[in-house]
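Written out below as structure tokens is the structure these notes cover.
We did not get these values from a lab; they are worked out from the coordinates using the rules stated. Bear in mind that the values here come from a model prediction, so they are computed numbers and not experimental data. Cβ coordinates were reconstructed from backbone atoms using ideal geometry, including for glycine residues, and neighbour counts include every protein chain displayed.
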Amino acid sequence: MSFSFDRMKVRSKLLLITGIAFAGVTLLSVLALFSLKDRMMEEKRVKTMHVVETAHGMVDYYYQQARAGKISEDAAKQSAIASVKGLRYDKGAEYFWINDMHPRMVMHPIRPELDGTDLSASKDPSGKLFFVEFANLVKSSKA
């Protein structure tokens, strides 16, 4: 018993062609969605990189002012912290915080009670020590 397209009824042929076309469109749609997701994630990564570069540039400005002797190191630190504290992006929904390499919270604009606290035991819901991971990533990538 072998398959022969010629022996199939017209209704069966139409259903088979329609099914193959539907499967093809579905496959293409799934591939397009994955591609769209990848592009959107890349755009978000680039956008995040740009806002971080802006914040870093502002902090670097105060560092350069202190290095040139125009302001004291303490004044530069306080000015940089105050500037970063006021930064918001993504229509005000997102913000920046500053932690050191210990990790210890230097400044958190939403939860100031965290300022000065040790973050090394802070875990996300999956148990990952995310502030430790942040500090290790910075150490390893030098960025």
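When the Gaussian network model of the chain links Cα atoms closer than 10 Å, the mean-square fluctuations of Phe130, Phe22, Phe34 top out at Phe22.
When the chain is treated as a GNM with alpha-carbon contacts under 10 Å, the residue of Ala80, Ala55, Ala121 showing the greatest mean-square fluctuation is Ala121. Residues whose amide H comes within less than 5 Å of that of Asp115, counting only those at least five positions distant or on another chain, are His108 (H built at 1.01 Å from N in the peptide plane). Taking Cα atoms only, the orientation of helix 10-67 departs from the longest principal axis of the chain by about 10 degrees. The angle separating the long axis of helix 73-85 from the principal Cα axis of greatest extent in the chain is about 30 degrees.
Once Lys and Arg get +1 and Asp and Glu get -1 on their Cβ, which of Ala21, Tyr61, Ala32 lies farthest toward the positive end of the dipole of the chain? Farthest towards the positive pole: Ala21.
Each of Ser141 and Leu114 was given a label point 7 Å from its Cα along the Cα-to-Cβ line. The distance between the two points is 1.9 nm. When only alpha carbons are used to place a centre, segment 1-60 and segment 83-139 end up 36 Å from one another.
Straight-distance candidates among the lysines for linking to Lys85, with alpha-carbon spacing under 25 Å and chain neighbours fewer than 8 residues away dropped: Lys44, Lys47, Lys70, Lys77, Lys123, Lys139, Lys142. Which of these, Ser29, Ser83, Ser120, has the largest mean-square fluctuation under a Gaussian network model of the chain (Cα springs below 10 Å)? Top of the fluctuation ranking is Ser29.
The angle between the Cα long axis of helix 130-141 and the longest principal axis of the Cα atoms of the chain comes to about 90 degrees, rounded to the nearest 10.
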